[in-house]
Ligand code: PLP
């Protein structure tokens, strides 16, 4: 009789075979070689065969401080020893401290509701927006507008705000009341003109849409400052400012999805801070909030909006709860993560090295297959085309070849876009914000040599 295996032994076995694991985004491919991550240090991870890779996409754009920071591990351990769990129907110190810190970082007074992920942070924002309007005399304001190409998460509400046909088509119809508007995508824009003019026309479409739908029906507009999952689309700052003005004019709440762009990724603490004078009504965050060490989502809401949920003598409270949302260990990790980001001047570092190091990839624009190089801080996209005239997306096989060759050389990069549904012709580079100068040189040399070898 064979002895029973412990849970750890079982999970070790499963890691080796992966036969019972349903991988995210898995599609049938008998030749696929699964990478089994075993350990990580800085920007590098090691697989079960001892191969080392530079993680050029920070996991899923979340490892802002990279792998293996002992200080963060200690913060989680100490918190778990002290108070392993506590619900946020009451208070615990790490959550109170973190909410205060988030408000400070956002540059105005915000109240934060915690959850476990970016999708949940956005779901929470949608519910708050609808309830806010219904409690301020506008119960008809229930619609949400987002942009085509945006990604806002995988749960049904967040997926309904996501506007990439490829990700939605098998799960539609989504939640009612979600509308999509043309994005500020100057490279392929139907508007023509220079990028700023074209972006401002995209903003104008939002205003037209609000008018045509009836402003009394629109609750909120959700946007990432820089569309990441939909092909790294970087609008001019004027676009963000104009959109903020439009939202204000029509009493449409501006929800800024900072799940990817928050915590230094773009060379500001938050992406919206590139656009002077913009102060979103709601800011959602996850990923870089804990640098991926533990799950945590956050929905920060301007205090004057929160006040509507906290009125004397009225039953106006937010009827929403999450068992694990704002877990004490996750909040302790987030606080330590932010402390390190500030102590090590990560935001300035990203702004500087984004220019001097990743900026070297701008020179690839002379290559026939590179349509546009788009970048901000440590977030970079190369839109790959068959040729510059037709702008036809580079085909899947060639895109897979680029990603595969980089991997052979020890660099993990990504591809996304959904430029034409299902066609991911944008190469993604988004390394940990602590990547050394040598790491960044390695990324630039590898991407450049692989693309020039096409
Ligand atoms: N919002 C944006 C902009 C994202 O990129 C993502 C995930 O990639 C999400 C929301 C959803 O986050 P999560 O996967 O933590 O639910």
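Rank the residues 92, 152 as a footprinting-exposure proxy: fewest other Cβ atoms within 10 Å of their Cβ go first. Write out the running numbers ahead of the final one.
Details: 92 19, 152 31.
Ordered by Cβ neighbours within 10 Å, fewest first: 92, 152.
How much FRET efficiency would the formula 1/(1 + (r/R0)^6) give for residue 82 and residue 342, where r is the Cβ-Cβ distance and R0 is 25 Å, rounded to 0.05?
So, using R0 = 25 Å, E works out to roughly 0.60.
Could you line up 67, 151 from fewest to most neighbouring Cβ atoms inside 10 Å? Walk me through the numbers before you get to the answer.
Values: 67 22, 151 25.
Taking fewest neighbouring Cβ atoms as first place, the list is 67, 151.
Which whole-number percentage describes the relative contact order of the chain, with Cα contacts under 8 Å and a sequence gap of 6 or more?
Numbers: 884 pairs, mean separation 93.6, N = 454.
Taking the mean separation of contacting Cα pairs over the length of the chain, I get 21 percent.
Expressed as a whole number of Å, what is the distance separating the alpha-carbon centroids of segment 104-183 and segment 241-317?
If we compute the Cα centre of each part, the gap is 12 Å.
Ranking request for peptides 243-250, 352-359: highest mean number of other beta-carbon atoms within 10 Å first, then the rest in descending order. Kindly include the intermediate steps, with their values, before the conclusion.
On the way: 243-250: 18.5, 352-359: 17.0.
Put in order of decreasing packing, that is 243-250, 352-359.
Using a ≥ b ≥ c from the Cα gyration tensor of the chain (square roots of the eigenvalues), is it rounded, prolate or oblate, where a/c under 1.5 gives rounded and otherwise the larger of a/b and b/c decides, a/b for prolate?
Values: a/c = 1.58, a/b = 1.10, b/c = 1.43.
It comes out oblate by the Cα gyration axes.
Using 0.36 nm per residue, how much length does the chain from residue 408 to residue 90 gain when fully extended, once their Cα-Cα distance is taken away? Spell out each step's value before the answer.
Working: separation 318, 0.36 × 318 = 114.48 nm, distance 5.03 nm.
Value of the extension gain: 109.4 nm.
Using just the helices of the chain, give the 222 nm mean residue ellipticity in deg cm²/dmol: DSSP H runs with n ≥ 4 each add -39,500 (n - 2.57), and the total is spread over all residues, rounded to 500.
Details: 14 runs with 161 residues, N = 454.
So the helix-based figure for the chain works out to -11000 deg cm²/dmol.
Pulled fully out, how much extra length does the chain show between residue 398 and residue 23, if you take 0.36 nm times their separation in residues and subtract their Cα-Cα distance? Could you put the intermediate results ahead of the total?
Working: separation 375, 0.36 × 375 = 135.00 nm, distance 2.37 nm.
Value of the extension gain: 132.6 nm.
At 7 Å along Cα-to-Cβ for each site, give me the label-to-label distance between residue 366 and residue 49 in nm.
According to this spin-label approximation, the distance is 3.7 nm.
Mind giving me the FRET efficiency for residue 437 and residue 314? R0 is 56 Å, r the Cβ-Cβ distance, nearest 0.05 is fine.
Working: r = 57 Å, r/R0 = 1.01.
The value I calculate is 0.50.
If r is the Cβ-Cβ distance from residue 134 to residue 212 and R0 is 30 Å, what FRET efficiency results, to the nearest 0.05?
0.85
Once label points are set 7 Å from the Cα along Cα→Cβ at both residue 191 and residue 108, what is their separation, rounded to one decimal in nm?
Roughly 2.3 nm, to one decimal.
Label 7 Å along Cα→Cβ of residue 303; segment 93-114 residues with amide nitrogen under 19 Å?
95-114
Ordered by packing density, taken as the mean number of other Cβ atoms within 10 Å over each peptide's residues, highest first, how do 182-192, 396-406 rank? Display every interim value, and only then the final one.
Working: 182-192: 18.5, 396-406: 15.6.
Most protected by this proxy first, the peptides run 182-192, 396-406.
Take every DSSP beta bridge with both residues inside the chain and express the antiparallel ones as a percent of the total, to the nearest 5. Can you show the working numbers first?
On the way: 34 of 50 bridges.
In the chain, DSSP labels about 70 percent of beta bridges as antiparallel.
By counting other Cβ atoms within 10 Å of each Cβ, how are 61, 44, 22 ranked from fewest to most? Mind showing how you got there, number by number?
Details: 61 23, 44 19, 22 6.
Fewest-to-most Cβ neighbours within 10 Å comes out as 22, 44, 61.
Hey, what did segment 347-405 get for relative contact order, percent, Cα under 8 Å, at least 6 apart? Could the numbers behind the result be given before it?
Numbers: 65 pairs, mean separation 14.2, N = 59.
So the answer I get is 24 percent.
Starting from 0.36 nm per residue, how many nanometres of slack lie between residue 35 and residue 171 once their C-alpha separation is accounted for?
On the way: separation 136, 0.36 × 136 = 48.96 nm, distance 2.85 nm.
46.1 nm is the gain from fully extending residue 35 to residue 171.
Peptides 267-274, 205-212, 335-342, 382-389: what's the order by average Cβ count within 10 Å, highest mean first? Don't jump to the answer; show the numbers that get you there.
Working: 267-274: 23.1, 205-212: 16.1, 335-342: 20.4, 382-389: 18.0.
Ranked from most to least packed, the peptides come out as 267-274, 335-342, 382-389, 205-212.
The numbers here are math on the coordinates, done by the rules we state, and not lab data. All of these numbers come straight from a predicted model, not from anything done at the bench. Cβ atoms come from the backbone with ideal geometry, glycine included; neighbour counts cover every protein chain shown.
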